[in-house]
Amino acid sequence: MKQFNKAAKLDHVTYEVRGPVVAEAARMTAQGINVLKLNIGNPAPFGFHAPEELVEEMQRVLQKGEGYSESKGVLASREAIVDYCKLKGIPNVTVDDVYTGNGASELISMAMTGLLDKGDEILIPAPDYPLWTASATLAGGVVQHYRCDEANHWYPDLNDIESKINERTKGLVIINPNNPTGVLYPKEVLEGIADIARRHGLILFADEIYDRLVYDGKTHISLASICPDLFCVTFNGLSKSHRIAGFRVGWMCLSGDKSYAKGYIDGLNMLSSMRLCANVPAQLLIPAALKMAHEVDTLLQPGGRLYEQREVVVNALNRIDGVSAVRPEGAFYIFPKIDTKKFNITNDTQFVLDFLHEQHVLMIAGSGFNWPEPDHFRVVYLPDVDTLTSSMDKLETFLKTYRQK
Ligand code: PLP
């Protein structure tokens, strides 16, 4: 009998939109139980709506977007992305180096499919945004997870990266600002990463979808901007900064020295044309959206919703006995540590499942982000301050008596 089970490769992958805990939350919701979902980075359901100009623009461009576009995307949109790359110091990007996609997700999957032959290796952070691991695995690659070090502000451990490189290693992925830790990497860390890629001939992949969502007056530095001599693929999009996750629009751009990546680029062009093109009306929003790239700033400053929600969640978590969390500097996630000895936790999925059953709050276990120990979980701090306060109170109450069996 033939077997049809390619997806079985991903059986172990549970993450924000799949796995037993998410399934259980869906079952509880269907039974009429009100579950607070702190599992997914989807701004709209929490009242973060798209700027009105963009919604109006979408209505205006609908008819213009009836047909397919060029497979890499509408020229005016790619020109706007090239300008954005210039602003960020990403070198040597022309319209030919820009690909628009149905969200950055589609392009992450395309980039991994084009890169990895069976057995090729790629370095992906742990914890990661799990689409990276899933896409590389489905492409036939072998993922080597390098550790981000909580004791060192969740920065990538450069020695660990270095120790996991061999002749089959093709690429190195960073996510900055990071999902799930929320941390922003400074220049020295980026330089260290570029140096490793330079010495080992690796392609760099930088997922920078949260680059406009940075707190405390900090500035995001694009990895590609500090290594013009290296080939770098940078990912970005409008789902988060412009709160239009449902419109599905993102992009990737190739930068730096492309001379040693010609075969890879040919493959990307082929994959891009195979899917014809990305959602055209959504692509048409890019020029207007990038003109208002700083519109989101009001949410990130003191008094702004995201800023205040971050304060509430980081302070509340650090007050709970047995829980501690590094202060996030970007995005809207936090990745707290839980004292496994104190609560006898050996299985983090069971921990979030028990919390879901008892307090009706859905969070994702650290293992969903390819974190190897059962001692972390992720909270999405998109709900308003009152909802977050009450959910953190629920966590505190739950942990007062919780001992995993
Ligand atoms: N990269 C990271 C780090 C993310 O957190 C997400 C979504 O949560 C994505 C990429 C995908 O974004 P989209 O496909 O909506 O552009």
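The values are calculated or read from the model by the stated rules, or taken from the named source; none is laboratory data. Keep in mind that what you see is a predicted model, and the values were worked out from it rather than measured. Counting neighbours? That spans all protein chains shown, and the Cβs are built from the backbone with ideal geometry, glycine included. These accessible areas exclude ligands, DNA and RNA; they are computed on the full protein's heavy atoms, side chains included. Shrake-Rupley method; radii C 1.70, N 1.55, O 1.52, S 1.80 Å.
Does any residue of region 305-328 turn out to be free of Cβ contacts under 8 Å to residues at least 24 places away in the same chain and over 25 Å from residue 148 (Cβ atoms)?
No, every residue in region 305-328 fails to be free of Cβ contacts under 8 Å to residues at least 24 places away in the same chain and over 25 Å from residue 148 (Cβ atoms).
With the requirement that a residue be at positive phi and either open to solvent by 10 Å² or more (accessible area, probe 1.4 Å) or among the aromatic types (Phe, Trp, Tyr) (or both), what does region 89-105 give you? Break it down into steps so the answer makes sense when it comes.
Residues of region 89-105 at positive phi: 89, 92, 103.
Matches in region 89-105: 89, 92.
Look through region 198-213, keep the residues that are away from the ligand (no atom under 14 Å from the Cβ) and open to solvent by 10 Å² or more (accessible area, probe 1.4 Å), and return whichever of them is nearest to residue 333 (Cα to Cα).
Checked region 198-213; the qualifying residue nearest to residue 333 (Cα to Cα) is 203.
Could you tell me which numbered condition residue 262 fails, if it satisfies all but one of (1) in contact with an Asp or Glu (Cβ under 9 Å, 6 or more places away or on another chain); (2) outside any loop (DSSP other than H, G, I, E, B); (3) open to solvent by 20 Å² or more (accessible area, probe 1.4 Å)?
(1)
Consider region 126-172. How many of its residues are touching a Lys or Arg at 6+ places or on another chain (Cβ under 7 Å), free of Cβ contacts under 8 Å to residues at least 40 places away in the same chain and farther than 23 Å from residue 234 by Cβ?
2
Table: residues versus (1) at pLDDT below 95; (2) touching a strand residue (DSSP E or B) at 6+ places or on another chain (Cβ under 7 Å); (3) of a type in the set (Val, Ile, Thr).
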site	(1), (2), (3)
37	yes, yes, no
44	yes, no, no
47	yes, no, no
61	yes, no, yes
65	yes, no, no
76	no, no, no
85	no, yes, no
92	no, yes, no
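Please state which of the following conditions residue 77 fails to meet, knowing it meets all the rest: (1) open to solvent by 10 Å² or more (accessible area, probe 1.4 Å); (2) of a type in the set (Ser, Thr, Tyr); (3) within 16 Å of the ligand (Cβ to nearest atom).
The single condition residue 77 does not satisfy is (1).
Which of the residues that make up region 119-133 are over 18 Å from residue 160 (Cβ atoms) and either open to solvent by less than 10 Å² (accessible area, probe 1.4 Å) or more than 12 Å from the ligand (Cβ to nearest atom) (or both)? It would help to see each step written out before you state the result.
Step one: of region 119-133, the residues over 18 Å from residue 160 (Cβ atoms) are 119-120, 129-131.
If the condition is that a residue be over 18 Å from residue 160 (Cβ atoms) and either open to solvent by less than 10 Å² (accessible area, probe 1.4 Å) or more than 12 Å from the ligand (Cβ to nearest atom) (or both), then 119, 120, 130 are the ones that fit.
Which one is surrounded by the fewest Cβ atoms within 10 Å (Cβ to Cβ), of the residues in region 276-315 that are part of a loop (DSSP other than H, G, I, E, B) and at pLDDT below 95? Spell out the reasoning first.
To start, the set of residues in region 276-315 that are part of a loop (DSSP other than H, G, I, E, B) comprises 276-279, 284-285, 292-296, 301-304.
Now narrow it down to the ones that are at pLDDT below 95: 292-296.
Numbers: 292: 13, 293: 15, 294: 10, 295: 16, 296: 20.
The residue in question is 294.
If residue 108 satisfies every condition in (1) more than 13 Å from the ligand (Cβ to nearest atom); (2) hydrophobic (A, V, I, L, M, F, W, C); (3) buried (at least 23 other Cβ atoms within 10 Å of the Cβ) but one, which is the exception?
(1)
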